[in-house]
Amino acid sequence: MSSEPAPTHQSAPAHEPARERARRWRMVLGGPAEEALGKAEGRDGQMDAAMAALYDSAGPGDSEAGSKRSAGLGGSAPKVARWLGDIRKYFPSTVVQVMQSDAIERLDLTRLLLEPEMLAAVEPDVHLVGTLLSLNRVMPAKTKEAARAVVRTVVEQLEKRISQKTRAAVSGALNRASRINRPRHADIDWDRTIRANLKHYQASLGTVIPERLVGYGRRTTAVQRDVVLCVDQSGSMASSVVFSGVFAAVLASMRSLRTSLVVFDTAVVDLTEQLSDPVEVLFGTQLGGGTDINRAIAYSQQLITRPRDSIFVLISDLYEGGVREQMLRRVAEMTAAGVQVVVLLALSDEGAPAYDHENAAALAALGVPAFACTPDAFPDLMAAAIERRDLMAFAERLETAG
């Protein structure tokens, strides 16, 4: 047995935890805590300066009187560009996106986004794309190419995130929806067949004798479902517009679906012909303006020629500026004809949206639930709609999971 003493671990000085707590509180409280907690130095000092430039500066509606302001971005494009570079250096991308969004809102930097040099410095994300799309009509030609590059980067990121799951969920749902009980041998779903015939297990033979075969219908390249996405492009729906455009492009790439994309405010625009390029789709939108849901549904009804094989997805906060009674009547007509109607109050990661509760309740009374959906849940929603599952139950599960 060894007589060597047991190894000892060098412990940190007792004052280290207290010092770290003081450091963290100093970073949280900012400059006003400098006298009590000390000055932030080194990397901490640079991070503190970047945060102070945004959060210790006067934003719209803030008063300079009675408030000590230690920094600011002002309206200087070079200063803002340097600040954007600093926050990308010191903070993770998720934090950078929040700070960029706050800067656009608090410091009114929208004007500076019209400069190509600024767009080259920002961290691309869905919120930034929404802001750029809202500026589309006033954007100078020299900026549009830079803006398109930002939008394309975000679109490619979203496609990587959603395309595989969407295709798998939709293809699986279409196959299940076409299941038949007299399949050819190659089309037998052995898993479901065995489970459906377990009561016919023959112990002496050690196998199941199937009395009923379960399988898929013949594989086909024919269009099996028509999908119409009808998207509200009012200003509050910016993120939903971005996600909807990308999802529409993914669905349009599937030969088993006939996908249409309609966007609307008080006017209606059909972007179906542009679905091969989601960037063109997004630049075809015009965020802002009023809302006429009734007019958009009326147009969409013309696109539905096979009601029982059609899915109509309305993405809107339901604040109707058109004729409410007609809107509800049109939804009732579609459901009565056999159209699977889905109403999403938002298609985004932004949490609970604001929406018209009265209209949502009226739709629910028609058997059409209105609920918010995250992009990650949308493929499963489409699968449920294709299989004509209970969407009320789906919405409840989604709300519980959230």
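The values are calculated or read from the model by the stated rules, or taken from the named source; none is laboratory data. Keep in mind that what you see is a predicted model, and the values were worked out from it rather than measured. Cβ sites come from the backbone with ideal geometry, for glycine too, and all protein chains shown count toward neighbours.
Just a few scattered comments:
- Scanning region 88-126 for residues that are among the β-branched types (Val, Ile, Thr) and either surrounded by 21 or more Cβ atoms within 10 Å (Cβ to Cβ) or within 20 Å of Asn136 (Cα to Cα) (or both) yields Ile104, Thr110, Val122, Val126.
- Selection status of Val268, surrounded by fewer than 21 Cβ atoms within 10 Å (Cβ to Cβ) and at negative phi: yes
- Leu119 within 15 Å of Leu287 (Cβ to Cβ), in a helix (DSSP H, G or I) and touching a Ser or Thr at 6+ places or on another chain (Cβ under 8 Å): no
- Of all the listed residues (Arg167, Arg161), the sole one being part of a helix (DSSP H, G or I) and either closer than 21 Å to Val98 by Cα or not assigned by TED's automatic domain parsing to the domain that holds Ser276 (or both) is Arg161.
- Of the residues contained in region 85-96, one or more are found to be at pLDDT below 75 and under 22 Å from Gln46 (Cβ atoms).
- Subset of region 289-339 [assigned to a strand (DSSP E or B) and under 22 Å from the mean Cα position of the chain (by Cα)]: Ile311, Phe312, Val313, Leu314, Ile315
- Whichever residue in region 137-181 is hydrophobic (A, V, I, L, M, F, W, C) and in contact with a strand residue (DSSP E or B) (Cβ under 8 Å, 6 or more places away or on another chain) and, among such residues, is surrounded by the fewest Cβ atoms within 10 Å (Cβ to Cβ): Ile180
- Contact annotation: no residue pair with Cβ atoms under 8 Å, 6 or more positions apart or on different chains, pairs a residue in region 223-248 that is touching a residue at least 12 places away in the same chain (Cβ under 8 Å) with a partner that is crowded, with 24+ Cβ neighbours inside 10 Å and basic (Lys, Arg).
One line per residue, one yes/no per condition, for (1) of a type outside the set (Ser, Thr, Tyr); (2) in contact (Cβ under 8 Å) with a residue 24 or more places away in the chain; (3) closer than 23 Å to Lys165 by Cα; (4) not assigned by TED's automatic domain parsing to the domain that holds Leu261:
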{"site": "Met327", "(1), (2), (3), (4)": "yes, yes, no, no"}
{"site": "Arg330", "(1), (2), (3), (4)": "yes, yes, no, no"}
{"site": "Met334", "(1), (2), (3), (4)": "yes, yes, no, no"}
{"site": "Gln340", "(1), (2), (3), (4)": "yes, yes, yes, no"}
{"site": "Ser348", "(1), (2), (3), (4)": "no, yes, yes, no"}
{"site": "Ala361", "(1), (2), (3), (4)": "yes, no, no, no"}
{"site": "Phe371", "(1), (2), (3), (4)": "yes, yes, yes, no"}
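- Taken as a whole, the condition of being at pLDDT below 95, more than 26 Å from Glu399 (Cα to Cα), out of contact with any Ser or Thr (no Cβ under 8 Å at 6 or more places or on another chain) and in a helix (DSSP H, G or I) applies to Glu280.
- Single residue of region 296-311 satisfying the filter (in contact (Cβ under 8 Å) with a residue 60 or more places away in the chain and touching a helix residue (DSSP H, G or I) at 6+ places or on another chain (Cβ under 6 Å)) that is surrounded by the fewest Cβ atoms within 10 Å (Cβ to Cβ): Ile311
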